[in-house]
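The values are calculated or read from the model by the stated rules, or taken from the named source; none is laboratory data. Just so it is clear, the model here is predicted, and its values are computed rather than measured. For neighbour counting, all protein chains shown are included, and Cβ atoms are generated from backbone atoms with ideal geometry for every residue, glycine included. Accessible surface is based on the protein model in full, side chains and every heavy atom, while ligands, DNA and RNA are left aside. Shrake-Rupley method; radii C 1.70, N 1.55, O 1.52, S 1.80 Å.
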Amino acid sequence: MALPPDSIGLLEGITTTRAIRRFRTEPVADEDLAAVLFAATRAPSGSNRQPFRFLVLRDGPKALQAKALLGEAFRAAWQTKRAADGYGGDTEDTPRARLERAMQHFVDHFEDIPVVVLACLVRYRPPNPYEGNSVYPACQNLLLAARARGLGGVMTMWHEAVGDELRSLLGIPDGVTIAATIPLGHPEGSHGPVRRRPLSEFVFEDGWGEPAPGAVEPPGTRHTRAGPRANTRE
């Protein structure tokens, strides 16, 4: 399926695909959604079994009920995380304060998100630590394709609190697990270069924690102070 002529390059897409949690209410065009889902299904999987499935929630009667269930679950999960991680009271325009505002907007307006995709895994053996290999690459393909089509999204796991209700409502059969929830839509705002900690904290050579001389960042790379500091010696 051809992408538009002005589609971004692969490396640019990888380095600029942000987690989008603010969406405009305009619908996602069928053509764009089809292109995104097509890209997701091109992902690799163990033995090429392709056990990933995508259940799309838009504005159908079951979809609206499912979004309502998810909205309640997401709001409860955010309140728990907000308290546990010490959010609140930050009046300065810091990355942490911006994240808190984005998260609150995300959960408060969850039911208004145009498209919610449940990424599912059809199990062909008992649950094991490796099964994510056969579904999460497809989720990343989906998010990158969304970026290329001018859309945005974020992969979440807060559906778990209402997993049984979703399975019953949507007729998800036994042996299929919901591996991720991915809201999609037109960003309210924009993508842009993502900030991470320095490359030297992530890449070693010839031994754990040893510098990797060839791991050089592109000129102008900007870093973030968010998240816990990596302890490279652990």
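Structure data summary
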{"item": "Test: residue in the range 68-88 that is of a type in the set (S, T, N, Q), open to solvent by 70 Å² or more (accessible area, probe 1.4 Å) and closer than 28 Å to G132 by Cα", "result": "yes"}
{"item": "Identity of the residue in the range 186-208, on the phi > 0 side of the Ramachandran plot and either among the charged types (D, E, K, R) or at pLDDT 95 or above (or both), that ends up most open to solvent (accessible area, probe 1.4 Å)", "result": "D206"}
{"item": "Subset of the range 143-162 that is out of contact with any strand residue (DSSP E or B) (no Cβ under 6 Å at 6 or more places or on another chain) and under 16 Å from L121 (Cα atoms) - its residue that is surrounded by the fewest Cβ atoms within 10 Å (Cβ to Cβ)", "result": "M157"}
{"item": "Members of the range 1-31 found to be touching a Gly at 6+ places or on another chain (Cβ under 9 Å), modelled with pLDDT of 95 or more and over 18 Å from G189 (Cβ atoms), listed by number", "result": "P27"}
{"item": "Residues located in the range 23-42, provided they are without any contact (Cβ under 8 Å) to a residue 12 or more places away in the chain and open to solvent by less than 80 Å² (accessible area, probe 1.4 Å)", "result": "A29"}
{"item": "Odd one out for P61 among (1) more than 19 Å from H186 (Cα to Cα); (2) touching a Gly at 6+ places or on another chain (Cβ under 7 Å)", "result": "(2)"}
{"item": "Scope the range 110-131; condition of a type outside the set (G, A, S) and buried (at least 18 other Cβ atoms within 10 Å of the Cβ); matching residues", "result": "F110, I113, P114, V115, V116, V117, L118, C120, L121, E131"}
{"item": "In the range 110-137, the residues that are assigned to a helix (DSSP H, G or I), of a type outside the set (D, E, K, R) and either over 22 Å from I14 (Cα atoms) or touching a Lys or Arg at 6+ places or on another chain (Cβ under 8 Å) (or both)", "result": "F110, S134"}
{"item": "Pair list, Cβ < 6 Å and 6+ apart or interchain, from the range 188-213 residues that are outside any loop (DSSP other than H, G, I, E, B) to residues that are among the hydrophobic types (A, V, I, L, M, F, W, C)", "result": "L199/A215; E201/A230"}
{"item": "Residues of the range 33-60 satisfying the condition of being of a type in the set (S, T, Y) and either in contact with a His (Cβ under 7 Å, 6 or more places away or on another chain) or more than 15 Å from Q140 (Cβ to Cβ) (or both)", "result": "S47"}
{"item": "Residues of the range 93-141 satisfying the condition of being of a type in the set (V, I, T) and over 18 Å from R21 (Cβ atoms)", "result": "V122, V135"}
{"item": "Checklist (1) within 30 Å of L10 (Cα to Cα); (2) polar (S, T, N, Q); (3) surrounded by 14 or more Cβ atoms within 10 Å (Cβ to Cβ) applied to Q104, failing item", "result": "(1)"}
{"item": "Total residues in the range 73-107, condition among the acidic types (D, E) and within 19 Å of the chain's Cα centre (by Cα)", "result": "1"}
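Table: residues versus (1) assigned to a loop (DSSP other than H, G, I, E, B); (2) of a type in the set (G, A, S).
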{"residue": "T15", "(1), (2)": "no, no"}
{"residue": "E26", "(1), (2)": "yes, no"}
{"residue": "A35", "(1), (2)": "no, yes"}
{"residue": "D59", "(1), (2)": "yes, no"}
{"residue": "K62", "(1), (2)": "no, no"}
{"residue": "Q65", "(1), (2)": "no, no"}
{"residue": "R75", "(1), (2)": "no, no"}
{"residue": "Y87", "(1), (2)": "yes, no"}
